[in-house]
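All remarks here apply to the structure that follows.
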Amino acid sequence: MSLKIRLFYSPNFSLKKRKIKNIKYLIFHYTGMKNEKLALNRLCSFKSKVSSHYFITKKGKLIQLVPDLYIAWHAGESSWRNSKSLNNSSIGIEICNSGHQYNYPNFTQKQIKSLINLSKYLIKKYKIKKNCVLGHSDIAPDRKKDPGEKFPWEKLSKKKIGIWHNLSKTNLIKLRRLKLNSLEKESFKLKLKLIGYFINKKQKNTSIINKVNKSFQRRFRPDLVNGIADKECLLIAKKLVSLKN
């Protein structure tokens, strides 16, 4: 696959090179800045101490900020399954979008087309599994919302980028807002953990549980992000756990 990528290096990365086999995750972000210039300036500023490997402009142009084999600083405190500090084992892609703080516009078609091409290239090159293609909110649900509920995960899954369920939307809507009993609530928490979300089975902090639920919903039930697990969420979670990745 031929990709047209412009180089515009950020100084924010760890100097020690990593081995190809250590790259296991692909993490999507939105920039959350008012405009493209501000976003690039922040990702390339010594003071910000943040970066990513790739940046996708509003017009879909690809910019590489950090070479793949160096650790970019995009994930922060994070976890997924048995992995912690995902900077060490991931490639980060920032997509220019002002995010929830600034009216959260739709991603452009050109951005998504470029993202699909870049992701397919990286997935093939580093043998990244489908269930290791994640959003920032998946790995840091207590802190992050990106890439958010407008991000087209279902569309990407059809290109073999990330996981999705094939459940009937008509049947799912019938289950929406139907309350879970106590056993079902515990079952849902367990399935979140099996999918990869960090959640302590004994966690009683409702605020944290609400944020993890919202992260799941932004990813797999974007039509309603309320943080309340219902029977629709439980069915989706059951299906995702059953998938072979």
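The values are calculated or read from the model by the stated rules, or taken from the named source; none is laboratory data. Fair warning: this is a prediction, and the values are worked out from it, not measured in the lab. Using ideal geometry, Cβ is built from the backbone for each residue, glycine included, and neighbour counts are taken over all protein chains shown.
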Which of the residues belonging to the stretch 1-30 are among the hydrophobic types (A, V, I, L, M, F, W, C), loosely packed, with under 14 Cβ neighbours inside 10 Å and touching a Cys at 6+ places or on another chain (Cβ under 9 Å)? F8
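Any residue in the stretch 31-52 that is part of a strand (DSSP E or B), out of contact with any helix residue (DSSP H, G or I) (no Cβ under 8 Å at 6 or more places or on another chain) and surrounded by 16 or more Cβ atoms within 10 Å (Cβ to Cβ)?
Checking the stretch 31-52: not a single residue is part of a strand (DSSP E or B), out of contact with any helix residue (DSSP H, G or I) (no Cβ under 8 Å at 6 or more places or on another chain) and surrounded by 16 or more Cβ atoms within 10 Å (Cβ to Cβ).
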Screening D138, D142, D146 for residues that are out of contact with any strand residue (DSSP E or B) (no Cβ under 9 Å at 6 or more places or on another chain), touching a residue at least 60 places away in the same chain (Cβ under 8 Å) and outside the structural domain of R221 (by TED's automatic domain parsing) leaves only D142
What number goes with the only condition from (1) within 20 Å of W164 (Cα to Cα); (2) of a type in the set (F, W, Y); (3) in contact with a strand residue (DSSP E or B) (Cβ under 6 Å, 6 or more places away or on another chain) that W80 does not pass? (3)
